[in-house]
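Chemist: Got a structure for you, questions after.
Where a number appears in this text, it was derived from the coordinates with a stated rule and is not lab data. Because the structure is predicted, anything quoted here is derived from the model rather than measured. When we count neighbours, we look across all protein chains shown, and the Cβ atoms used for this are built from the backbone with ideal geometry, even at glycine.
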């Protein structure tokens, strides 16, 4: 049954507007009406909602905790994430609309994408055709380039953070773990725990105190590229620690074994993107984009036309 009100009573018997539970479908938070849950991770939940005045669909991200103390920590984290997202305005990066608080619940209001995550797509279909995968990786590269231009390293490039719209548009999301290289101190780096998702993490990223740059995102994107082409991740481990060790020390199984139809030039690009040594990867996201464009022009028939607005120098 839907709650009749989000108001509650504090210990003194005074009515408050502090909701004590995660919102229910049909509940109103400020100007927004919650429509349905569209995503859930280990620390947050995302709802599709509608702005009641503008009648515009939005995505609302809320911390997944009932602990008020934890919610205050999330408020600081969400506020920082919103400021980082506001630095980036690009068609391949999900846009931020606002940071809000409803009682003691912080939340982000973001662009709503009607579609699925790449993670959902892989669970449904297993893998992608190499030409479609190359096109998708190019679009994610452009999003990462826009992020890098304002001094950020995403640090959590993975299928769950890549959205595929029903119109085919690709959007990169979730800057919750992003590193701002313009700041001397990384607020995420308060202990020795690695920052990111172990299955897609660059070897140098396993050390939270290392000086990483966009080549770490190129590595993670290379792992995503491998995954969508092979239909499985390059490494399998029973723990995050073991997964990190594999990324640092072991070569992945040859991609051509899993998908022999993939052109050799694409296999070589994935291998370079996943090089253990950052110096052996494409040096910048600009360089990676140019390389992908050349592959598309040579391998796809007919080659997709180059849009003058679809390139690093134009965004």
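Chemist: Points 7 angstrom from Cα along the Cβ direction at residue 98 and residue 276: gap in nanometres?
Modeler: For the pair residue 98/residue 276, the computed spacing is 5.1 nm.
Chemist: Computed over the Cα atoms of the chain, what is the ratio Rg over Rh, Rh following Kirkwood?
Modeler: Values: Rg = 20.7 Å, Rh = 20.8 Å.
That ratio is 1.00, to two decimals.
Chemist: From the P(r) of the stretch 12-111, could you give the percentage of C-alpha pairs in the tail past 19 Å? List each step's numbers first, then the result.
Modeler: On the way: 2068 of 4950 pairs.
When all Cα pairs of the stretch 12-111 are counted, 42 percent exceed 19 Å.
Chemist: For helix 68-86, what angle does its Cα long axis make with the longest principal axis of the chain, in degrees from 0 to 90 and rounded to 10?
Modeler: Taking Cα atoms only, the helix is inclined about 50 degrees.
Chemist: Given R₀ = 35 Å, FRET efficiency for residue 52-residue 125 by Cβ-Cβ distance, to 0.05?
Modeler: Numbers: r = 37 Å, r/R0 = 1.05.
Efficiency, from the Cβ-Cβ distance: 0.45.
Chemist: Can you show me the helix-derived [θ] at 222 nm for the chain, built from DSSP H runs with n ≥ 4 at -39,500 (n - 2.57) apiece and divided by the number of residues, rounded to the nearest 500. Don't jump to the answer; show the numbers that get you there.
Modeler: Details: 8 runs with 103 residues, N = 315.
Result for the chain: -10500 deg cm²/dmol, rounded to the nearest 500.
Chemist: How tilted is helix 130-149 with respect to the longest principal axis of the chain? Cα atoms for both, answer in degrees (0 to 90, nearest 10).
Modeler: Value to nearest ten degrees: 60.
Chemist: For a distance above 28 Å, tell me the whole-number percent of Cα pairs in the stretch 48-201 that qualify. Write down the numbers at each step before the final one.
Modeler: Working: 2684 of 11781 pairs.
Here the tail beyond 28 Å accounts for 23 percent of pairs.
Chemist: Using C-alpha positions alone, give me the convex hull volume of the stretch 150-302 per residue in cubic angstrom. Walk me through the numbers before you get to the answer.
Modeler: Details: hull volume 20.0 nm³, N = 153.
Expressed per residue, the convex hull around the Cα atoms of the stretch 150-302 is 131 Å³.
Chemist: Relative contact order of the chain: what whole-number percent is it, with Cα pairs under 8 angstrom and at least 6 residues apart?
Modeler: Reported relative contact order: 13 percent.
Chemist: Angle, helix 214-230 long axis vs. longest principal axis of the chain, Cα atoms, 0 to 90°, nearest 10?
Modeler: 80 degrees
Chemist: In nm, to one decimal, how far is the residue 149 label point from the residue 43 one, both placed 7 Å along Cα→Cβ?
Modeler: 2.8 nm
Chemist: Evaluate E = 1/(1 + (r/R0)^6) for residue 33 and residue 83, where r is the Cβ-Cβ distance and R0 equals 30 Å; express this FRET efficiency to the nearest 0.05. The partial results should precede the final answer.
Modeler: Values: r = 26 Å, r/R0 = 0.87.
According to the calculation, E is roughly 0.70.
Chemist: Multiply the residue gap between residue 265 and residue 299 by 0.36 nm, knock off their C-alpha separation, and tell me the result in nm, one decimal place. Working shown, then result.
Modeler: On the way: separation 34, 0.36 × 34 = 12.24 nm, distance 0.93 nm.
Fully extending the segment from residue 265 to residue 299 adds 11.3 nm.
Chemist: Using a Förster distance of 41 angstrom, determine the FRET efficiency expected from the C-beta separation of residue 239 and residue 66, and round it to 0.05.
Modeler: Working: r = 28 Å, r/R0 = 0.69.
In this case the efficiency is close to 0.90.
Chemist: Order these by the 10 Å Cβ neighbour count, fewest first: 235, 219.
Modeler: Numbers: 235 20, 219 25.
Lowest to highest Cβ neighbour count: 235, 219.
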